[in-house]
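Accompanying notes for the structure given below.
The values are calculated or read from the model by the stated rules, or taken from the named source; none is laboratory data. The structure presented is a predicted model; accordingly, all values stated were derived computationally and were not measured. Please note: Cβ atoms are built from the backbone with ideal geometry, for glycine as well, and neighbour counts cover all protein chains shown.
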Amino acid sequence: MLKGALITGITGQDGAYLAQLLLKKGYKVYGLMPRRSSSMTWRLEYLGIINKVEIIEGDVTDLSSLIRAIKKATPAEVYNLAAQSFVGTSWEQPVLTAQITGLGVLNILEAIRLTDPSIRFYQASTSEMFGLIQEQKQSEKTPFYPRSPYAVAKLYGHWITVNYRESFKIFACSGILFNHESPIRGIEFVTRKVTDAVARIKLGLQKELRLGNIDAKRDWGFAGDYVEAMWMMLQQEAPDDYVIATGRTTTVREMCDIAFKHVGLFYEDHVVVDPKFYRPAEVDVLLGTPDKAKERLGWEARTTLEELIQMMVDADMERVRAEIKNL
Ligand code: NDP
Ligand code: GDR
């Protein structure tokens, strides 16, 4: 019988890449999908795996649906990637963010505890938990200081994962992943907002790009590389928490420079800073130390920021060209 995996958030960026990876590894892949997501399968279609995964209706805020999903899939591994994951929205919908991104984790852990505590569990934690920086480079030992309702909810998810590992011996791992992007990144996140705008400006559909704090620094990697680390964590002898990052930090401004230059443009001619996109509290700089992941998992980021941004611009150029053709 094939090894089964259940992925919550399968319609998101990471869910789609992880499903693709697990299929390649011979898993039977189940994806939890809220009813309202039915129009959101474009990423699974983009990767050509829509017919290879089995979708189970359910929502991480609904414990009974999770129990039903686990009973149906009988997975060996559960990956919790579901979240209200956009930091900006978490100030507009803080309660919903807490329910999905925070309490949703508890619901899944409870579902595992009540059905089959031998299931291995991955929690999608985040570098946003470091927030207001306490140390220049952030490792598993750096103290947390969350700066948004999203990050506060994720911190709950992180600690409840640690707690269920310690309380009930559940094989539960928390991956503290720094920003990772791809051609199927949501359009609201800054890299994709930039690469989509670059394509539209280059092809004459748009003139300017309005951004918020372009001096913010992020440690950006490629989502395709990062989902491998998720899987690796669950294959170890013992559960643990790992920072997953590239070890290089870059400003939004420099990232724009890479993206515009790739099509022969200059960001200075098109980017307009608009305070509308400033956040009530900002995370100014993130820079991860992935040493433990390298040492214990043998994981390392393979894609450079230049390769990543160029890949995203190329994909958006192709998309916008197709849009123009269909006009
Ligand atoms: P996305 O926003 O692309 O995907 C989130 C997924 O969660 C979507 O499939 C979404 O469905 C689903 N979802 C939302 N609400 C619910 C719910 N109530 N029940 C079930 N599913 C739900 O995020 P990413 O793929 O980028 O990230 C994956 C995870 O990793 C998230 O938890 C994110 O917070 C975390 N993370 C991401 C990082 C990154 O840089 N990408 C870095 C660190 C952590 P729908 O589309 O229908 O809303
Ligand atoms: P982030 O990603 O908040 O780090 O969370 P995002 O791409 O939204 O922002 C990165 C930085 O860019 C600045 N910025 C802008 N951001 C957006 N979205 N739009 C703009 O116009 C803009 N201008 C400047 C932001 O202020 C910020 O400093 C992502 C999500 O995937 C989380 O779910 C995940 O946990 C973290 O990465 C790690």
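For this structure, a couple of remarks:
- Single match in Val263, Val162 (criterion: away from ligand 2 (no atom under 15 Å from the Cβ), out of contact with any Pro (no Cβ under 6 Å at 6 or more places or on another chain), of a type in the set (Val, Ile, Thr) and closer than 30 Å to Leu297 by Cα): Val162
- Residue match in region 197-216 (condition: buried (at least 23 other Cβ atoms within 10 Å of the Cβ) and either outside any helix (DSSP H, G or I) or not hydrophobic (A, V, I, L, M, F, W, C) (or both)): no
- Exactly one residue among Lys141, Lys154 is within 13 Å of ligand 2 (Cβ to nearest atom), assigned by TED's automatic domain parsing to the domain that holds Leu18 and at pLDDT 95 or above, and that residue is Lys154.
- From the options Val283, Val271, residue that is in contact with a helix residue (DSSP H, G or I) (Cβ under 9 Å, 6 or more places away or on another chain), of a type in the set (A, V, I, L, M, F, W, C) and under 30 Å from Cys173 (Cα atoms): Val283
Conditions (1) hydroxyl-bearing (Ser, Thr, Tyr); (2) in contact (Cβ under 8 Å) with a residue 60 or more places away in the chain, marked per residue:
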{"site": "Ile258", "(1), (2)": "no, no"}
{"site": "Lys261", "(1), (2)": "no, no"}
{"site": "Tyr278", "(1), (2)": "yes, yes"}
{"site": "Leu287", "(1), (2)": "no, yes"}
{"site": "Ala293", "(1), (2)": "no, yes"}
{"site": "Leu297", "(1), (2)": "no, yes"}
{"site": "Glu306", "(1), (2)": "no, no"}
{"site": "Met312", "(1), (2)": "no, yes"}
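- When Tyr17 is tested against (1) aromatic (Phe, Trp, Tyr); (2) touching a Gly at 6+ places or on another chain (Cβ under 9 Å); (3) away from ligand 2 (no atom under 16 Å from the Cβ), exactly one condition is not met: (3).
- Sole exception among (1) basic (Lys, Arg); (2) crowded, with 20+ Cβ neighbours inside 10 Å; (3) assigned to a helix (DSSP H, G or I) for Arg113, by number: (2)
- Scanning region 229-284 for residues that are within 16 Å of ligand 1 (Cβ to nearest atom) and on the phi > 0 side of the Ramachandran plot turns up just one, Gly247.
- Among all positions in region 27-35, there is no residue which is of a type in the set (A, V, I, L, M), part of a loop (DSSP other than H, G, I, E, B) and within 19 Å of the chain's Cα centre (by Cα).
- Residue ID - nearest to ligand 1 (Cβ to nearest atom), chosen from residues in region 190-213 that are among the polar types (S, T, N, Q) and under 27 Å from the mean Cα position of the chain (by Cα): Thr191
- Leading residue by the ranking (farthest from ligand 1 (Cβ to nearest atom)) among those in region 58-86 that are in a loop (DSSP other than H, G, I, E, B) and farther than 18 Å from Gln123 by Cβ: Thr74
- Of all the listed residues (Val252, Val227), the sole one being within 16 Å of ligand 2 (Cβ to nearest atom), assigned by TED's automatic domain parsing to the domain that holds Gln138 and within 22 Å of the chain's Cα centre (by Cα) is Val227.
- Looking across region 165-182 at every residue that is within 15 Å of ligand 2 (Cβ to nearest atom) and assigned to a loop (DSSP other than H, G, I, E, B), the one that is nearest to Lys292 (Cα to Cα) is identified as Phe178.
- Being touching an Asp or Glu at 6+ places or on another chain (Cβ under 8 Å), surrounded by fewer than 20 Cβ atoms within 10 Å (Cβ to Cβ) and either closer than 20 Å to Asp14 by Cβ or at pLDDT 95 or above (or both) is a property that Arg321 lacks.
- Considering (1) closer than 30 Å to Pro290 by Cβ; (2) touching a Pro at 6+ places or on another chain (Cβ under 6 Å); (3) within 13 Å of ligand 1 (Cβ to nearest atom); (4) not in a helix (DSSP H, G or I), the lone condition that Ser90 does not fulfil carries the number (4).
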